[in-house]
Number of protein chains: 2
Amino acid sequence: MAPGKLQLPIALDAMGGDNAPACVLRGAEMALIRHPGIRFLLFGNRYILEPLLVGIPVLKGASTIVHTEAVIAGDDKPSIAVRRGRGSSMWLSIESVKEGQSCAIVSAGNTGALMAMSKLILRTLPGISRPAIAALFPTLRGECVMLDLGANVESDADDLYRFAIMGDAFARAVLGLSRPRIGLLNVGSEELKGRDEVKAAAQLLKASAADLNFHGFVEGNDIAEGTVDVVVTDGFTGNVALKTAEGAARLIRTYLKEAFASSPIAKAGGLLAAGALGAVKDKLDDRKRNGAMFLGLNGIAVKSHGGADAYSFCNAISVAVELVAHHINTRITEEITLTGQLQLPSAPLDAIEGEPD
Amino acid sequence: MAPGKLQLPIALDAMGGDNAPACVLRGAEMALIRHPGIRFLLFGNRYILEPLLVGIPVLKGASTIVHTEAVIAGDDKPSIAVRRGRGSSMWLSIESVKEGQSCAIVSAGNTGALMAMSKLILRTLPGISRPAIAALFPTLRGECVMLDLGANVESDADDLYRFAIMGDAFARAVLGLSRPRIGLLNVGSEELKGRDEVKAAAQLLKASAADLNFHGFVEGNDIAEGTVDVVVTDGFTGNVALKTAEGAARLIRTYLKEAFASSPIAKAGGLLAAGALGAVKDKLDDRKRNGAMFLGLNGIAVKSHGGADAYSFCNAISVAVELVAHHINTRITEEITLTGQLQLPSAPLDAIEGEPD
């Protein structure tokens, strides 16, 4: 968003996350420098927040505290959080989006609770029955958007099709791409052409009246390769893929640390290459890509990592600002409307895609 | 396998793979040093193989060529390969296992064709309806077995349960573990407890009469963490997870290469740390873990990477030798028999696992 005089109100669940409220406030302070047009509604305990704000006068001047003492704990079950958490900082901050007091809500709190509350309070956009979680993934060419990362465990062809529209809008807003390439995650064995719902979703995307740049199927290795800008998959596969990649990256980091500590010569080598290795670390720094959106809801809800530090939380706020500035939900709704009459054919799948062999 | 006087015949599809037959033969030569008790049935064109064997007298002395000129190409469709490839090196080598002329078959050829032919010729073990592809994955604690990596695109609870038994037997044979810890791959969001079939498979594993060390659910990051020794999942998720991790590893390798080439000082650092970095490269070397088994078939069929070099192909032969030596299929059949009466309850899933909330 271009800096300006806009007063863009963002709701922050000031009490959510492992390092709340300190990192939430410090992150908000950093975001103010990046986006001078925003102001904050801080939901949380004023007796904790006010003393902290004394040390951050710039933020204090751009914020309004909405007091509540109720907080959703990190281990609260979503169903219980929804039932008993109505006055909590998380609930009230989401509600402020629904009431039009803020343009977006950012929370580092309990993911399941945030998802459940957001769905309940904001409801889904017209034509969307299942929201999806979208986030960025590093690639050889830059970054790509991947969704769904776990909002659903099963998705049919129609869901996947709508995820593609939502991911496209997300990539336009956050990555600034004009026609993001969209890929459907599938398996590539010659024998198996993938799951029926994935094949049917490909047919829907090919036939779509929406303005989508559909590349076709991609495989797991294509994600980091940067073959496409938007990787569409169901929430089970997406969640496993994301976490498997994180685990693999951690494994390699551990090996490298051990290697550079293994001898005085290796240590010296590590010191000489420290600058270059720092650049690698920076590229792989998850904090840069913090901020997953719950796409498909009637309002912008961004989830920060629970363990986010100030810099990381600031980036989640930036995601929210970009999504607001690019009117992501307007774009999604327009594209869904364009495809209004498109329905998943009820004919058997064989009839949709007759494999020649 | 302990070296000895055993004459363990292994069938090799000498013409399968990008580097066949040269790397197949060189790999076989290396395997002979490692396992002096084996001998080879080499299926392929004698006019190509015989001149090559002249230069490898040790292998020549331990091999019998079974001549055929027909070869399955890397891009042949499995269905076509099965119909038209009856006299091919791949077909005949698999058939030699069925006929009892060899104890196992190793091929670096077309994966889909190998799977389809192996299923057709060898058939599945009693009590197994779906075979699975199993392979090793590096972890912080060593290695783990992951399956299914793409033999199926959908799996029900019963399939997953049988994959666990097969993976357990594979880990005992190839990793030499006495009671491998088994994990079911799932998503960990607080709200979502995963797919119904995964939850039902967990119930089957908990109730099983087989000798299984069931750990419970694991998430994607647990794979590289080494939380369990056997990671059980459906072939779609397993294939995507494996390839996503490979892609992430390639991304990091590329970043590191660029970093060490970015300045003279970084280059010098890389040279100093070369030994230590070589150790990391070695740990991540996929060639060490080459050799995926098609588990659940009435015979041992091992798939080497198509691009395998001699060392890599030798490791695939070693996997076959270990599986033969440990009578993997006897173990699988015994465990399946133990669970003979265990059937997936036909009651609705809610009745199987009543979530308290």
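The values are calculated or read from the model by the stated rules, or taken from the named source; none is laboratory data. Please read these numbers as outputs of a predicted model, since none were measured by experiment. Here Cβ is always computed from backbone atoms with ideal geometry, including for glycine, and neighbour counts include all displayed protein chains.
Being farther than 30 Å from A:ALA73 by Cα, within 14 Å of chain A (Cβ to nearest Cβ) and among the β-branched types (Val, Ile, Thr): is that true of B:VAL218 here? No: the conditions fail for B:VAL218. So for segment A:307-326 (the condition being of a type in the set (Phe, Trp, Tyr) and away from every other protein chain (no Cβ under 14 Å)), does at least one residue qualify? Yes. Considering only residues that are within 28 Å of A:LEU338 (Cβ to Cβ) and more than 14 Å from every other protein chain (Cβ to nearest Cβ), which ones fall in segment A:106-141? If the condition is that a residue be within 28 Å of A:LEU338 (Cβ to Cβ) and more than 14 Å from every other protein chain (Cβ to nearest Cβ), then A:ILE121, A:LEU122, A:ARG123, A:THR124, A:LEU125, A:PRO126, A:GLY127, A:ILE128, A:SER129, A:ALA134 are the ones that fit. In the set (1) modelled with pLDDT of 95 or more; (2) assigned by TED's automatic domain parsing to the domain that holds A:GLY176; (3) among the β-branched types (Val, Ile, Thr), the condition left unmet by A:VAL153 is number (1).
Filtered by the rule that a residue be more than 10 Å from chain A (Cβ to nearest Cβ) and of a type in the set (S, T, N, Q), segment B:71-89 gives B:SER88, B:SER89.
Taking the criterion of being over 21 Å from A:ALA249 (Cα atoms) and in contact with a Phe, Trp or Tyr (Cβ under 9 Å, 6 or more places away or on another chain), the residues of segment B:245-270 that qualify are B:ALA266, B:LYS267, B:GLY269. What do you reckon, is A:THR244 within 10 Å of chain B (Cβ to nearest Cβ), touching a residue at least 40 places away in the same chain (Cβ under 8 Å) and surrounded by 22 or more Cβ atoms within 10 Å (Cβ to Cβ)? No, not satisfied.
For (1) surrounded by fewer than 24 Cβ atoms within 10 Å (Cβ to Cβ); (2) modelled with pLDDT of 95 or more; (3) over 23 Å from B:LEU160 (Cβ atoms), each residue gets a yes or a no:
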position	(1), (2), (3)
B:LYS283	yes, no, yes
B:ILE300	no, yes, no
B:GLY306	yes, no, yes
B:PHE313	no, yes, yes
B:GLU322	yes, no, yes
B:ALA325	yes, no, yes
B:ILE328	yes, no, no
B:ARG331	yes, no, no
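Look at (1) within 30 Å of A:ASP234 (Cα to Cα); (2) more than 7 Å from chain A (Cβ to nearest Cβ); (3) free of Cβ contacts under 8 Å to residues at least 40 places away in the same chain; (4) not small (Gly, Ala, Ser) and you find that B:THR254 fails only one, number (2).
Scanning segment A:327-344 for residues that are part of a helix (DSSP H, G or I) and of a type outside the set (A, V, I, L, M, F, W, C) gives A:ASN329, A:THR330, A:ARG331, A:THR333, A:GLU334, A:GLU335, A:THR337. Scanning segment B:137-156 turns up one or more residues that are over 15 Å from the mean Cα position of the chain (by Cα) and buried (at least 23 other Cβ atoms within 10 Å of the Cβ). Looking at A:VAL228, is it in contact (Cβ under 8 Å) with a residue 24 or more places away in the chain and either surrounded by 22 or more Cβ atoms within 10 Å (Cβ to Cβ) or touching a helix residue (DSSP H, G or I) at 6+ places or on another chain (Cβ under 6 Å) (or both)? Taking the combined requirement at face value, the residue satisfies it.
Of all positions in segment A:267-276, none carries a residue that is touching a helix residue (DSSP H, G or I) at 6+ places or on another chain (Cβ under 9 Å), crowded, with 20+ Cβ neighbours inside 10 Å, in contact (Cβ under 8 Å) with a residue 12 or more places away in the chain and within 7 Å of another protein chain (Cβ to nearest Cβ). Does A:VAL280 meet the test of being β-branched (Val, Ile, Thr), at the interface with chain B (Cβ under 7 Å from one of its Cβ atoms) and in contact with a strand residue (DSSP E or B) (Cβ under 9 Å, 6 or more places away or on another chain)? No, not satisfied.
Looking only at strands (runs of 3 or more DSSP E) that fall completely inside segment A:93-167, which ones have 1 or more residues that are charged (D, E, K, R)?
Where strands (runs of 3 or more DSSP E) fall fully within segment A:93-167 and carry at least 1 residues being charged (D, E, K, R), they are A:142-147.
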